[in-house]
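So the structure is just underneath, and the comments pick up after that.
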Amino acid sequence: MFLRLRYNRLTMIQPGLLKPLINLRTLDLASNQLKTFDPTEIKNLRRFKTIFLLDNNFECDCQLRKLRDWLIELPSHRNKKHYLYGVWAAAVHRTTTFKLICASPGKLAGVPVADFKLDWIECDNHKDIIISLSTLCVAAIIMVIGRIVAKSRWSIYYWWMVKINRLLPKLLRITTVDRSDNLKFDGFLSHSMEDLQFVYLDFIPEIEKSKHFASKFCVEFRDFTLGGYIQQNIADAVYGSRWVVFLLTESFVKERWTEFVISMAATRCVEEGNNIILVLDIDHIPESRMPESLQTIFSNIVYMKYPRDVKARSTFWKRVRLTLIGKQKRFIQPANMFRSNR
């Protein structure tokens, strides 16, 4: 089988292109624009005998090393395969061998391919390795930064809110507004719908219907606007209440809107400079399993554990009532606001 491809302006031979041509004996690639050629493309063809590569623009660089080494080794393989890389002079029925010549770079132009030395050019043998390692290092750095940002997103968010709320009033000359006259509720109770029994039988009787303490709380199933957006209802409740009370239970941790409510309440804490958050830990959840947004501001809030001992519960509710009556503690200054929770 003879394949003639001369005068086709070929610049390269696609790797694996010749592999299916198992009966190929002669390949004519002369008079093209090849800059390199990989001899492994023809080494595995069992019947292959002759290749013509003259009159190409071979670039004598590191990429041409395989062809150069192959040309040097040809004499030692002559008994196995008779590769000819010249032109076939049919008129005189003999093979005339012309040496393949370097076309570039300029300092090697005209030098036979088989004669140029590798130390004449700068070959970076580790270029691919360096590129691969550099890529891996950049990817690793991006992953580490992404992980740090993901873990610290709430701290970053609150830091940003602190800066914005400190700078904007100064830049726009806005005076701080006292919202105490516009509050509709003494508190907003945020809880899981699975904890309704505790809300009905414990929280409401002790906080809203106590003999010595009466208050008005916003409770979702009772006071949210029917048909309204849940986000707007939550925002109105958080900003329309003196306190925001969270019933911390296993089901509350898994609630869809937990992070949103906590972040909304924390944002208001930052804006006003006072803590308005009271957490009642009903199921004694460790800090490491609390919602991440709550972990970020844990040292800033009022936190109480619901006692398992029935006799101690009356004291617990007294502490809750005293906290709700008392003055909110000042939110920690921004410089000391955040701490690592990892």
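The values are calculated or read from the model by the stated rules, or taken from the named source; none is laboratory data. Since the model is a prediction, treat every value here as computed from it, not as a measurement. Positions of Cβ are backbone-derived with ideal geometry, glycine not excepted, and every protein chain shown enters the neighbour counts. We work out accessible area using only protein heavy atoms, side chains counted, and drop any ligands, DNA or RNA first. Shrake-Rupley method; radii C 1.70, N 1.55, O 1.52, S 1.80 Å.
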Those residues of the range 284-317 which are hydroxyl-bearing (Ser, Thr, Tyr) and under 29 Å from the mean Cα position of the chain (by Cα), in sequence order = Ser288, Ser293, Thr296
task = Please name all residue pairs, on different chains or six or more residues apart, with Cβ atoms under 7 Å, provided the first residue is in the range 297-323 and is under 19 Å from Val261 (Cβ atoms) and open to solvent by less than 40 Å² (accessible area, probe 1.4 Å) and the second residue is small (Gly, Ala, Ser) and assigned to a helix (DSSP H, G or I).
result = Ile297/Ala266
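Given the structure, is Leu34 within 45 Å of the chain's Cα centre (by Cα), surrounded by fewer than 18 Cβ atoms within 10 Å (Cβ to Cβ), modelled with pLDDT of 85 or more and closer than 28 Å to Gly110 by Cβ? Reasoning before the result, please.
Working: within 45 Å of the chain's Cα centre (by Cα): yes; surrounded by fewer than 18 Cβ atoms within 10 Å (Cβ to Cβ): no; modelled with pLDDT of 85 or more: yes; closer than 28 Å to Gly110 by Cβ: yes.
Answer is no for this residue.
Can you tell me how many residues within the range 299-328 are assigned to a helix (DSSP H, G or I) and not hydroxyl-bearing (Ser, Thr, Tyr)?
Applying the first criterion (assigned to a helix (DSSP H, G or I)) to the range 299-328 yields 299-300, 310-325.
In the following step, the residues that additionally are not hydroxyl-bearing (Ser, Thr, Tyr) were identified as 300, 310-313, 316-322, 324-325.
Here the count works out to 14.
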task = Quick one: Leu189 ticks every box in (1) more than 18 Å from Leu322 (Cβ to Cβ); (2) part of a strand (DSSP E or B) except a single one, so which number is it?
result = (1)
